[in-house]
Amino acid sequence: MSEDLELVTIDEAAQLVGKTPHNIRDYIQRGRIRKYNELGQPIERATNGHLRVSLKEIRIFLSLVEQGLEKHHHAGLHPELGFHDVPEHKRTKHVHRLHPYLGKFIPQLVEWFLARYFQPDDVILDPFMGSGTTLIQGNEMKMHTIGIDISPFNCLIARVKAAKYDITKASYEILDIEKKVANFSAELNRSEINKWSLFPLDTIEDIKNRLLANCKSEYLKTWFAPRALIEMLYYRDLIPNYHYQDLLRVLLSRAVRSSRLVPHYDLATPKVPLPVGEKYWCRKHNRFCYPIDNCITKIHAYSRDTARRIAEFDKIRSDRSINIIQADSRTVDLKAELASTVIAGRPIDGIFTSPPYVGQIDYHDQHIYAYELFGFPRQDEQEIGPKKKGKSKQAQFEYIEGIAAVFRNVLPLLKSDAKIFVVANDRFNLYPEIAKRSGLRIIDEFHRAVTKRTEQGDDPYQETIFFMMKA
Ligand SMILES: C[S@@+](CC[C@H](N)C(=O)[O-])C[C@H]1O[C@@H](n2cnc3c(N)ncnc32)[C@H](O)[C@@H]1O
């Protein structure tokens, strides 16, 4: 089992978290934390001297107590939903890591519920699709899937993950464009004395000037070193020469994200760009680091990785349909959108989804570099519960109404006994009211500790999976 649990004895735990051994035993008795053996397997009874507890679970529990959220912990943590022992490469298996995305859940969580509550051939809907985790996992399990998201870039990521590729051709294109940009990048660095070149020097200057003249984005000019900017613009302009253009856009976007002038420890939520060429103290690496000054390094890093990931998914994907709709889930005419698909007219068997949490993330803004680079239209105003609207009572009220409006809109297409699973960090206890306004009843709640995410974020927290059905 995993060392991520940080197993310790009761006495050690008490010392490490500043409590008494009696406190720790009390948490066990009240079902707040679990008992483990030395191998990290959950146990009912422990023989003398062999009982272990998880420091990680204790810390989560104590942080919930501190935030006044202990009451949400009443059912205790579900023993199987922590996924403590799932290694990183499985949480980000095949296409799930084609592009970073703050706020995605892990495929293992989707798999756990789909395997228990649904069958192959069922139709599963995710009205807050994000980067498409439910869709990819559902397809792997031979289910038809439908995803809706308001953000055009999230839909692009999901479409690229879900697409069926001619793997040889896609790999060729990925490596071909990489080579062309690498040649160009080498030229950018070539000294004037070295006259041997594929591009005469004045041509390189012409290309640079043309690329910069066409770049109107202040954001791009501010958040990237000059060389990184030129390289990414050059790559972008080559994309129309290829067949799998969206795949290349997502690959470039991933490289661009990692090429911003941001500290390594703050890739997800950077505040201000670092000065070009100036070292900074890196909390992630515990040493001085320099901000990246180019994009080609990341293009190299992600090109083969992308080709490998799409090939891996291609081997295990099923032939069930994956349907992606860019729309506001409160108002989309889902029936019309599905009319020309293979699942037209089929009642939907269930939902597995994770709505935005109130006031937590701006889903367009997290990918601002991609919107600026490709000029995708933004639909920020239609995001439910964005960070910029905060967590005030008014924001919570709007959130309740927004999420309920989504369920009311899609419920008519669901079977009468459809099963609905909603993953939420419901720290304001809004879901009972959301269920009421949606015409749903809460059947059960599963609580899980979130210590493993695919993206960096703040401290560990607890989330609830609400199991609901039509009222
Ligand atoms: C928590 S994320 C979903 C993450 C997803 N489970 C994954 O693994 O990638 C919530 C998503 O809801 C989307 N969203 C917000 N308001 C929406 C609306 N009105 N209609 C459709 N989608 C919306 C956001 O763009 C965001 O991608």
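Which value, in Å², gives the accessible area per residue of the chain when a 1.4 Å probe is used on the protein heavy atoms? Intermediate values should be presented prior to the final figure.
Values: 21290 Å² over 471 residues.
Counting only protein heavy atoms, the per-residue value for the chain is 45 Å².
Of all aspartates and glutamates in the structure, those lying under 15 Å Cα to Cα from Lys389, and not within fewer than 8 positions of it along the same chain, are Asp362, Asp365, Asp380, Glu381, Glu398, Glu401.
Evaluated at q = 0.13, 0.14 Å⁻¹, the base-10 log of the normalised Debye intensity for region 321-471, with identical point scatterers placed on the Cα atoms, takes the values -0.69, -0.80. Taking every DSSP bridge with both residues inside the chain, close to 60 percent are antiparallel.
Per the Debye formula on identical point scatterers at the alpha carbon atoms of region 116-222, with no solvent, log10 I(q)/I(0) at q = 0.14 Å⁻¹ is -0.80. Applying the Karplus relation 6.51 cos²θ - 1.76 cosθ + 1.60 with θ = phi - 60° to region 438-448 yields 3J(HN,Hα) values of 8, x, 10, 10, 7, 8, 7, 10, 10, 10, 9 Hz, where x marks Gly and Pro. Dipole size of region 208-337 about its Cα centre, with +1 on Lys/Arg Cβ and -1 on Asp/Glu Cβ: approximately 420 debye, rounded to the nearest 20. Is region 3-68 rounded, prolate or oblate when judged by the Cα gyration tensor, a ≥ b ≥ c being the square roots of its eigenvalues, rounded requiring a/c under 1.5 and prolate requiring a/b larger than b/c? In terms of gyration-tensor shape, prolate.
Can you tell me the mean projection area, over all orientations, of the convex hull of region 222-314's alpha carbons? Units nm², please. Don't skip to the answer; put the middle values down first.
Values: hull surface 27.5 nm².
If you wrap the Cα atoms of region 222-314 in a convex hull and average its projections, you get 6.9 nm².
If you sort Lys388, Lys335 by accessible surface, 1.4 Å probe, largest first, the order is Lys335, Lys388.
Histogrammed with a bin width of 10 Å, the alpha carbon distances of the chain distribute as 4, 18, 26, 25, 17, 8, 2, 0 percent, first bin at zero. Counting only aspartates and glutamates at least 8 places from Lys279 when in the same chain, those with an alpha carbon closer than 18 Å to its own are Asp266, Asp293. Over region 3-68, Cα pairs under 8 Å with separation of 6+ residues give a relative contact order of 37 percent.
Where in region 102-124 does the label zone of Lys391 land, with the point 7 angstrom along Cα→C-beta and an amide N cut-off under 17 Å? Once the point is set 7 Å along Cα→Cβ of Lys391, 103 turn out to lie under 17 Å by backbone N, inside region 102-124. Here the Karplus curve 6.51 cos²θ - 1.76 cosθ + 1.60, taken at θ = phi - 60°, turns the phi angles of region 342-347 into couplings of 6, 9, 3, x, 7, x Hz, with x standing for Gly and Pro. Dipole magnitude for region 1-154: about 220 debye, using +1 per Lys or Arg Cβ and -1 per Asp or Glu Cβ, origin at the Cα centre. Taking a straight Cα-Cα cut-off under 22 Å and skipping sequence neighbours fewer than 8 places away in the same chain, the lysines within cross-link reach of Lys388 are Lys104, Lys271.
Within the chain, Cys155, Cys215, Cys295 have no other Cys Cβ under 4.7 Å of their Cβ and so lack a disulfide-compatible partner by this rule.
For the chain, give the percent of accessible area contributed by carbon and sulfur heavy atoms, probe 1.4 Å, rounded to a whole number. Kindly include the intermediate steps, with their values, before the conclusion.
Numbers: 10700 of 21290 Å².
On the chain, the fraction of accessible area on carbon and sulfur atoms equals 50 percent.
Please state the charge dipole magnitude for region 3-68, taken about the Cα centre, from unit charges on C-beta atoms (+1 on K and R, -1 on D and E), reported in debye and rounded to the nearest 20. Spell out each step's value before the answer.
Details: 10 positive and 10 negative charges, 57 e Å.
Using only the charged Cβ atoms, the result is roughly 280 debye.
Based on DSSP H segments of at least four residues, each scored -39500 (n - 2.57), the chain has a per-residue ellipticity at 222 nm of -12500 deg cm²/dmol.
Across region 344-412, Cα-Cα distances exceeding 14 Å account for 67% of all pairs. Each residue, Gln379 and Asp26, gets one label point 7 Å from its Cα in the Cβ direction; the gap between the two is 5.0 nm. Amide H to amide H, with H built 1.01 Å from N, Ser354 comes under 5 Å of Phe128, Val423, counting only residues 5 or more places away or on other chains.
Given contacts defined as C-alpha pairs under 8 Å and at least six residues apart, what's the relative contact order of the chain, whole-number percent? Please report the intermediate quantities before stating the final value.
Values: 775 pairs, mean separation 88.7, N = 471.
About 19 percent, as a whole number.
The values are calculated or read from the model by the stated rules, or taken from the named source; none is laboratory data. Being a predicted model, the structure only gives us computed values, none of them experimental. A quick note on method: Cβ atoms are made from the backbone with ideal geometry, for glycine too, and the neighbour counts reach across all protein chains shown. Ligands, DNA and RNA are stripped out before the accessible areas are found, and what is left, the full protein with its side chains, is counted by its heavy atoms. Shrake-Rupley method; radii C 1.70, N 1.55, O 1.52, S 1.80 Å.
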